[in-house]
Amino acid sequence: MPIQIVRNDITKMECDAIVNAANPTLLGGGGVDGAIHKAAGSGLLRECRTLGGCNTGEAKITGAYKLPCRYVIHTVGPIWKNGCDREEEKLRSCYRNSLILAKEHDCETVAFPLISSGVYGYPKEEALYVAVSEISRFLLENEMTVYIVVYDKSAYRISKKLVRDIAEYIDEHYVETHQILRSAQFFNRPVEKCAKGSMSAPMESEASLNELVGQVDESFTQMLLRKIDEKGITDAQCYKKANVDRKLFSKIRNNINYKPRKATAIALAISLELDLAEASDLLQKAGYALSHSSKFDIIVEYFISKREYDIFTINEALFEFDQPLLG
Ligand code: AR6
């Protein structure tokens, strides 16, 4: 996954570079800056003293000392002034300049905190939006894995209304299926036949084994490539929108019988903007179905049925409900 949102302490990230949300002096401070200096040890401050500070929106690089990464990239985010001081533009430039520096130093993995979203007061939801969109823009042209590290869950909160809608959707569908499952067990009938709402088509019991074997049809890869053609998009547009990295996509492309992970298959279905029936078809090709006894599946189904195909919004929702992410 080119962009991953993880909950962690950034000082623990084992990647090529971590980014520090610093102040213009580069001489340390509170928040993530304080944590990075503390974990790196005094060598970091000594090197920072030689840098001559840093302007808002710019970035400078140092060694990482005792941290488990190779570099620390220091950038200075804007102080939030109710959006009246070109804060978004400045924040975007923090991400862009940090990524350019990382690239110049051959970094393949970089971790960012949510710059400006602490002491500097940038609203967290908007700070996250800027981070995701600016990093995505960079990744359209560059190969890198970028982590957005959120420290506390409240830093990563999708709109309350969306959370409520999804929670209602889960309640309706989750409970309904469990009731059905219970009554099915009570009547001692095969559960699959009663699991209303399950997207997997029931198997025709009358079909002979020979007929079924004869029906081995289009593989996952074949259907994926066909859908890419039908939608008139390029392979790169598809995997980038799915937040799937190029190497993995090539593996799928080059092996007609490749079986991706479920999260990858769903991400590709979403990037192709398939409707529920088509998405279900594609998933079946890889041996999966969306089931109503899994919260993860219900959340994915919620977004597909509303034809909302933004992978990062879906991942934010999955994160909110403590589910694994797509890609
Ligand atoms: N790992 C990951 N994220 C963290 C960590 C951590 N260890 N600690 C805090 N955060 P802030 P700013 C999150 O205040 O808003 C400093 O004093 C935190 O929850 O560190 O850019 C500098 O010297 C928040 O979401 O940075 C400057 O004076 C995000 O990191 C000023 O603060 C950024 O919060 C910069 O303010």
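The values are calculated or read from the model by the stated rules, or taken from the named source; none is laboratory data. This is a predicted model, so every value here is computed, not measured. All Cβ positions, glycine included, derive from the backbone under ideal geometry; neighbour counts span all protein chains shown. Areas reflect the complete protein model, heavy atoms only, side chains present, ligands, DNA and RNA absent. Shrake-Rupley method; radii C 1.70, N 1.55, O 1.52, S 1.80 Å.
Computed quantities for the displayed model
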{"read-out": "Residue list for segment 240-261, filter: assigned to a helix (DSSP H, G or I) and polar (S, T, N, Q)", "value": "Ser250, Asn254"}
{"read-out": "Scan of segment 139-165 for residues that are at pLDDT below 85 and either open to solvent by less than 20 Å² (accessible area, probe 1.4 Å) or assigned to a loop (DSSP other than H, G, I, E, B) (or both), ordered by number", "value": "Tyr151, Asp152, Ala155, Tyr156, Arg157, Ile158, Ser159"}
{"read-out": "Residues that are out of contact with any Cys (no Cβ under 8 Å at 6 or more places or on another chain), within 12 Å of Ile135 (Cα to Cα) and crowded, with 16+ Cβ neighbours inside 10 Å, drawn from segment 100-113", "value": "Phe112"}
{"read-out": "Number of positions in segment 277-291 that are open to solvent by 10 Å² or more (accessible area, probe 1.4 Å) and closer than 23 Å to Asp322 by Cα", "value": "3"}
{"read-out": "Scope segment 17-74; condition over 22 Å from Lys90 (Cα atoms), among the β-branched types (Val, Ile, Thr) and in contact with a helix residue (DSSP H, G or I) (Cβ under 8 Å, 6 or more places away or on another chain); matching residues", "value": "Ile36"}
{"read-out": "Enumerated strands (runs of 3 or more DSSP E) restricted to segment 19-138, each holding at least 1 residues that are near the ligand (Cβ under 10 Å from one of its atoms) and over 22 Å from the mean Cα position of the chain (by Cα)", "value": "71-76"}
{"read-out": "Single residue of Arg246, Arg253, Arg261 found to be in contact (Cβ under 8 Å) with a residue 60 or more places away in the chain and of a type in the set (Lys, Arg)", "value": "Arg246"}
{"read-out": "Conditions (1) at pLDDT below 95; (2) touching a Leu at 6+ places or on another chain (Cβ under 8 Å); (3) within 12 Å of the ligand (Cβ to nearest atom); (4) among the aliphatic types (A, V, I, L, M); number of the one not met by Val6", "value": "(2)"}
